1. Only protein chains counted, 1.4 angstrom probe. Which residues of the range A:62-99 are at least 30 Å² less accessible in the assembly than when their chain is isolated?
2. Among DSSP beta bridges whose residues both lie in the range B:64-149, state the antiparallel percentage, nearest 5.
3. Which GluC sites (Glu not before Pro) in the range B:63-148 pass both tests, a DSSP loop state and at most 10 other beta-carbon atoms within 10 Å?
4. Which whole-number percentage describes the relative contact order of the range A:86-166, with Cα contacts under 8 Å and a sequence gap of 6 or more?
5. Tell me: how much accessible area in total is hidden between A and B, 1.4 Å probe, Å², nearest 100?
6. What distance in nm separates the simple spin-label points at B:GLN86 and B:GLN127, each placed 7 Å from Cα in the Cβ direction?
7. Would you mind checking the pairs B:LYS94/B:LYS117; A:LYS154/B:LYS129; A:LYS107/A:LYS154; A:LYS115/A:LYS154; A:LYS157/B:LYS129; A:LYS127/A:LYS154 and listing those with alpha carbons more than 21 angstrom apart?
8. Suppose each label sits 7 Å from its Cα in the direction of the beta carbon; what would the A:ASP32-B:LYS14 distance come out to in nanometres?
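The values are calculated or read from the model by the stated rules, or taken from the named source; none is laboratory data. Keep in mind it's a predicted model, so treat the numbers as computed, not measured. Positions of Cβ are generated from backbone atoms using ideal geometry, with glycine treated the same way; all protein chains shown enter the neighbour counts. Protein only, heavy atoms only, side chains kept; ligands, DNA and RNA dropped before computing areas. Shrake-Rupley method; radii C 1.70, N 1.55, O 1.52, S 1.80 Å.
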Amino acid sequence: MPIKPAHPHLYHSVTLEVAKAKLSHAGRKSLDAPLNLVAYIDMMTMLVIFLLMSFSATGEILFVQKNIVLPNAQNWAELERAPVIGVSKDVVTLDGSQVATADDLMKDSNTGDFKITELHDKLVTLKNNYKLLHPGEDFNGIAIIQSDKGVEFKVLKKIMYSAAVAGYQNVNFAVVPKTKAAGGPAE
Amino acid sequence: MSVSVDSGGGKSGKKSVNADLNLVPYIDLLTCMVSFLLITAVWSQLARLEAHQKGQGQAGEDTPPEKQLKLVVVVNDEGFNVVADQDQQPIPKKGTEYDYEKLGTELKKLKDAHPDKGDVQVASEDQIKFDVLVRTMDTALTARFPDISLIDAGGAGI
């Protein structure tokens, strides 16, 4: 026979039903409370549907830099992985690191050479790295220019020229996609 | 954690047909999905507008194999100038705003006249803002000219 810890009990000889019920908690209200989970599951389901609809398999390729307001465009294409040249009204960056200031670019060149040396050199390095890492693939020469909408073409043409000389001849401009009647990206 | 389904039976001596649904795996799945989707969510939706470079130094320079219609949209302070070979169609500004609507109409007319023509050059002057250039290129894309080159107005040869 197992050994049990001592606890209050009544002898079989005692016939007090009320006392028995009291000792066995039979008369009390149960402490278990049912949780209403319907609202919680509804909320979670809605959240999952919303997040699935806004899910992008390509991930976040481009981060919006501060001081840059991008223009809108109706005819757009999906972003690809490429070096990102950021052009704000003050500074020009390549993948986040500064390569020139806008003041330098606004000055007229005495020699007529538009090349931005630091930008060109870094782009050439990136191109060489790509060719080393992808030996069997053709280099597509795509660079993304993320420019503020107020930047003048005088600055942009120097950047585009530097990119072209470095081997990046396909320049893509980052834009904010604007919905159109047909919907979807341009082919 | 369960939800019971009550069919109302079980009072007349029959075995109860009430069933408890175990919601724990479902809530686990939902929680994992919400966590994953929140971590990988992309909040800023950005896209790209394609442009090529021609007439910028030695890069991107290629000669057409045969004589084709040369279509250039010049953007300057006065407005647009649509140049198709020898024909020029100036589109002045509407007040301070560029007339993108009329530019689109002119480009659509040219596209209808030359359905095989797919390329257009946008020649800009130095002081033109990037926003104007993007809207001009966007208008050209809407008019079914998918191959757009952005060049300097000085190098357009007009």
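1. A:VAL64, A:PRO71, A:ASN75, A:ALA77, A:LEU79
2. 65
3. On the way: sites: B:GLU66, B:GLU78, B:GLU97, B:GLU101, B:GLU106, B:GLU125; in loops: B:GLU66, B:GLU78, B:GLU125.
Answer by residue number: B:GLU66.
4. Numbers: 78 pairs, mean separation 33.2, N = 81.
Computed over the range A:86-166, the figure is 41 percent.
5. 4600
6. Placing both labels 7 Å beyond Cα along the Cβ direction yields 3.3 nm.
7. Numbers: B:LYS94/B:LYS117 28 Å; A:LYS154/B:LYS129 9 Å; A:LYS107/A:LYS154 9 Å; A:LYS115/A:LYS154 12 Å; A:LYS157/B:LYS129 12 Å; A:LYS127/A:LYS154 25 Å.
Going by Cα-Cα distance, B:LYS94/B:LYS117; A:LYS127/A:LYS154 fall outside the 21 Å limit.
8. Inter-label distance under the simple model: 2.4 nm.
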